[in-house]
Amino acid sequence: MTGTTTTGGAGGGAGGAAWQVPAGLVEGLLGALPPARREVFALRVERWWEDLRSGLAGLHAPDVADDLAARLLRLAAGACARRPDDLHRLDQARTLRPDWFQSPRAVGYAAYTERFAGTLAGVAGRLDHLGELGVTYLHLMPLLRPREGDSDGGYAVADYRAVREDLGDVEDLRALASALRARGTSLVLDLVLNHVAREHAWARAARAGDERYRRYFHVFADRELPDAYERTLPEVFPDFAPGNFTFDEELGGWVWTTFNSFQWDLDWSNPEVLAEFAEVVLFLAELGVEVLRLDAVAFLWKRMGTNCQNQPEVHSVVQVLRALTRIACPAVLLKAEAIVAPDDLVHYLGRGRHHGRVSDLAYHNTLMVQVWSSLAAQDVRLAAQALRALPTVPTTTAWITYARCHDDIGWAVSDADAAAVGLDGHAHRSFLSDWYSGAFEGSTARGLVFQENPATGDRRISGTCADLVGLTAAREALAAGTGDPRARAGLEAEVDAALARHLLAHAVVFAWGGIPVVWSGDEVAAPGDPDWAADPAHAADNRWAHRPRLDERDLAAARDPASVPGRALAGLRHLARTRAGLPHLHASVAADVLEPSDPGVLAFVRRHPLGELLCLFNVTGSWRPFPGHRVEELGLAGAVDALSGEPAPWGGDGQLWLAPWRAVWLHRPVEEVRPPAP
Ligand code: GLC
């Protein structure tokens, strides 16, 4: 095994050097492993060494990289030796089915543990609810021990090896991961790797003057370099955390703080930082965490004169972490949280020399933004332009698709895409903020403006899906009551239309391919939390408005099929079930967005060897046509709408006619072929 030249695989190695596993390195580690694991470990090293070593070559000088590679391999061998039998079996099963996460059966759900189920143990009581939605992926928001007080929703971690005390302990986490796994659901946790809390042991040691730990951070004696960096750095939280550096008295200097002043950016050019995180990754994997969300990964590497995002070294870091997990615990996936411009985004799934070698999953921020843009403008031309312009990604990866998440929505609409469809980028972004904050005449959206930046004119938006589609406002108007039956019918129609928009947004997300993730509360069309500011630690951050609590009353209300929560839940379940039966929605099959024939209809095709699936979405409040000849060209003349089970909605004029806010997924049923069971 050792001493042989390996040249990468999985489409990787494009132009990369060939790296040799140093003679004797693997043999020296095998003794640490039980006999039954030795061969598999050696084979994995043979397969992934190239990725590990070439990734390190992108970060460090050869001698440093050699040492670090050997060190990481020792950690991997230890982790592989300790890996519980059931997880080892999962590793083997997933190695045999590497597309396991690309299945159309995959459905995700994301929630704050305390807001969803009280505690980690309480999540067990919610498994049936998740099961009904077909959930195979559960993202529990940061739950490792945060700093006290404001912790940016747990994204300021004080200890990566302990669990938030009010939620449970490490053993509860292990038990939950195992209970989820027994149901075929993967536990997803955040790996916050750009920064730690000011109270983390490394930061405390740095503050106490320990040189080794000061080198974990970017510390500056004066403002000279910070000022030079600031010239090209944007601000993430211009409102409550302006600037990117914080003066710390104890440290006696300025420390890099991209986010809040209590979140200290780590210096990833220090090899010790990578080695520390390798241990954290392996620790979480050993607990049974199956997907690691690489929080704010775009920011890891700093370079003077740039915006310090998306630097090539970021991808090298991820490549190293992925090779490490593939060797030690290949059941584990990495998911990039990079909310960046479309051209930068695709690199997180691997392009060029990182093709097939970085994250398995990444958030499809562009799709999310374009769903909201289309619904507000009742026009899909910008969406079609932006989505068509997106470069292809490796067929071995999957997008995380979502209508919204725990964060605000930033209008990542490029000026070039806007110009290509005759829009002014700035004006359109401004329109979207006006629309979703309800400031635009005719809008019933209830979003809140987040981080208004007077310097750039940028305004982001907070709000639940129900708030943004106008459902919250429509329900309130109906509940306020009216004696006039005609007025009441009008209000009911407004509720129906808003609910249809809510389901339409999710229909796009469920049809794109990848893992559609529902944000807790949206399955019952929950309104925003009116008391979001009651907790003083949250008062400055209105993202808490769209992180509502989901309690028994909400779930009970959803049991009434005629209620709005009940209809929302039934609608989402139906999307999940329908999707599971469509092999075309395997994530390896790209969504091919068609040139719009009507500005109100988003159309994409998934060309699967079993036949085409044509997905149509009417984003307007009126009936809209889709040309019959395009349906015929795709061989779908006699097709069935998988969502309604009805034949395609042909009008008498040879066109398809789509009802307002309606999604249609046309296919020719392939009864005999079904996606394999997970
Ligand atoms: C990510 C999280 C966000 C957090 C930031 C800093 O973007 O999604 O909630 O504020 O990272 O950790």
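Computed quantities for the displayed model
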item: Unique match (being over 30 Å from Ala498 (Cα atoms) and assigned to a loop (DSSP other than H, G, I, E, B)) among Gly645, Gly638, Gly621, Gly652; result: Gly638
item: Yes/no for Arg174 being open to solvent by less than 30 Å² (accessible area, probe 1.4 Å), in a helix (DSSP H, G or I) and either at pLDDT below 95 or among the basic types (Lys, Arg) (or both); result: no
item: Among residues of segment 119-141, those that are touching a residue at least 60 places away in the same chain (Cβ under 8 Å) and either among the hydroxyl-bearing types (Ser, Thr, Tyr) or within 17 Å of Gly154 (Cα to Cα) (or both), counted; result: 4
item: Count of segment 261-281 residues which are more than 16 Å from the ligand (Cβ to nearest atom), over 20 Å from Glu211 (Cβ atoms) and open to solvent by less than 10 Å² (accessible area, probe 1.4 Å); result: 2
item: Residue check, Val317 at pLDDT 95 or above, assigned to a helix (DSSP H, G or I) and either on the phi > 0 side of the Ramachandran plot or in contact with a strand residue (DSSP E or B) (Cβ under 6 Å, 6 or more places away or on another chain) (or both); result: no
item: Identity of the residue in segment 131-177, among the hydroxyl-bearing types (Ser, Thr, Tyr) and within 28 Å of Val107 (Cβ to Cβ), that ends up farthest from the ligand (Cβ to nearest atom); result: Thr136
item: All positions within segment 203-217 that are under 17 Å from Asp267 (Cα atoms) and more than 16 Å from the ligand (Cβ to nearest atom); result: Arg204, Ala205, Ala206, Arg207, Gly209, Asp210, Glu211, Arg212, Tyr213, Arg214, Arg215, Tyr216
item: Matching residues, segment 25-44, being open to solvent by 40 Å² or more (accessible area, probe 1.4 Å) and part of a loop (DSSP other than H, G, I, E, B); result: Gly31, Ala32, Pro34
item: Residues of segment 233-260 satisfying the condition of being among the aliphatic types (A, V, I, L, M), more than 22 Å from the chain's Cα centre (by Cα) and within 16 Å of the ligand (Cβ to nearest atom); result: Leu233, Ala241, Val255
item: Wholly within segment 365-453, helices (runs of 4 or more DSSP H) carrying at least 1 residues that are within 16 Å of the ligand (Cβ to nearest atom) and either modelled with pLDDT under 95 or surrounded by fewer than 23 Cβ atoms within 10 Å (Cβ to Cβ) (or both); result: 365-377
item: Unique match (being open to solvent by less than 10 Å² (accessible area, probe 1.4 Å), farther than 22 Å from Ala537 by Cα and within 15 Å of the ligand (Cβ to nearest atom)) among Leu193, Leu180; result: Leu193
item: Subset tally (residues that are closer than 24 Å to Leu585 by Cβ and either of a type in the set (Phe, Trp, Tyr) or modelled with pLDDT under 95 (or both)) for segment 488-513; result: 3
item: One residue from Val605, Val589 being open to solvent by less than 50 Å² (accessible area, probe 1.4 Å) and either assigned to a strand (DSSP E or B) or over 29 Å from Gln385 (Cβ atoms) (or both); result: Val605
item: Whichever residue in segment 232-260 is over 24 Å from Ile461 (Cβ atoms) and in contact (Cβ under 8 Å) with a residue 60 or more places away in the chain and, among such residues, is most open to solvent (accessible area, probe 1.4 Å); result: Thr232
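The values are calculated or read from the model by the stated rules, or taken from the named source; none is laboratory data. Since the structure is predicted, the reported quantities are computational estimates derived from the model, not experimental observations. For neighbour counting, all protein chains shown are included, and Cβ atoms are generated from backbone atoms with ideal geometry for every residue, glycine included. The area values use the complete protein model at the heavy-atom level, side chains included, leaving out ligands, DNA and RNA. Shrake-Rupley method; radii C 1.70, N 1.55, O 1.52, S 1.80 Å.
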